[in-house]
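Engineer: My questions will all concern the structure given below.
Any read-out appearing in this document is the output of simple, stated calculations on the displayed coordinates, not a laboratory observation. For clarity, every value in this text was computed on a predicted model and none was experimentally measured. Note: ideal-geometry Cβ built from the backbone for every residue, glycine included; neighbour counts use all protein chains shown.
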Amino acid sequence: MFKAHLSLLTLIFVPTIFSIAVQAFQQQLSATVSNNILAFAGKRSHSLPEKYIAIIQRNQQYKYQQTLLPKMTSKSAASSGASNENLPHCKHVLFVECGFGNDSHGQNPTKAAVRACRNAIEFNSIPSINNLVPGGYEKLKLDVILAIPPKYQQGLDLDAVKSVFPYGETKFTIQDGGMIAPSGIAIDSLGDKNDDMIIVCCAVTVGY
């Protein structure tokens, strides 16, 4: 009977212990290989591309952690302070409009954002809002996502962008995106500091 129990325990625990040992060996091997690669890259005049080194460093940093999908980097600004930022602004979504805008000269992100918002909404008419939204236009809510090149986000005037929307409680979310493209010429009289064209993308969610 004792031998039978011993055999059963052996069958249960030996594979588990072996699996743990294998995992520990793999982690140690991965760390050793990564360190060797980084050390080799440091000694070579032509080192590994930075993106590969960054990948190796991230693997080292998180090898003992359970990683989650990265959240989109964004910052939110509510035009009328929300009581709880974790709650969705539009609980009932009616539709989503998209647009883009460009400032060819002057590097003004506000101009590009205003044009993007106008592009999203100016070709639409919604005559049934009073029937679709309880409380009508006064209770309408807008979630506006603006994708703006990080280099030019600091110059954005949200009050000017908000004025594009004739009604509705507006919440803005600013995220990295859009585009910087060369205009091909910098014109001093138009306020150019360089030949950057700023392109902003916009998504307007309409609901209540």
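Engineer: With a 10 Å radius around each residue's Cβ, average the other Cβ atoms per peptide and rank 149-156, 98-105, highest first.
Structural biologist: My ranking of the peptides, most packed first, is 98-105, 149-156.
Engineer: Using the basic label-point model (7 angstrom from Cα toward the beta carbon), what is the I180 to H92 distance in nanometres?
Structural biologist: According to this spin-label approximation, the distance is 4.4 nm.
Engineer: Of the peptides 165-178, 111-124, 188-201, how do they stack up when ordered by the mean number of other Cβ atoms within 10 Å, highest first?
Structural biologist: For the peptides 165-178, 111-124, 188-201, the packing ranking is 111-124, 165-178, 188-201.
Engineer: If you don't mind, there's one more thing I want to ask. May I ask you to compute the full-extension gain from A160 to S189, defined as 0.36 nm times their residue separation minus their alpha-carbon distance, rounded to one decimal in nm? Provide the component values of the computation, followed by the final result.
Structural biologist: Working: separation 29, 0.36 × 29 = 10.44 nm, distance 2.32 nm.
Going from the current span to full extension adds 8.1 nm.
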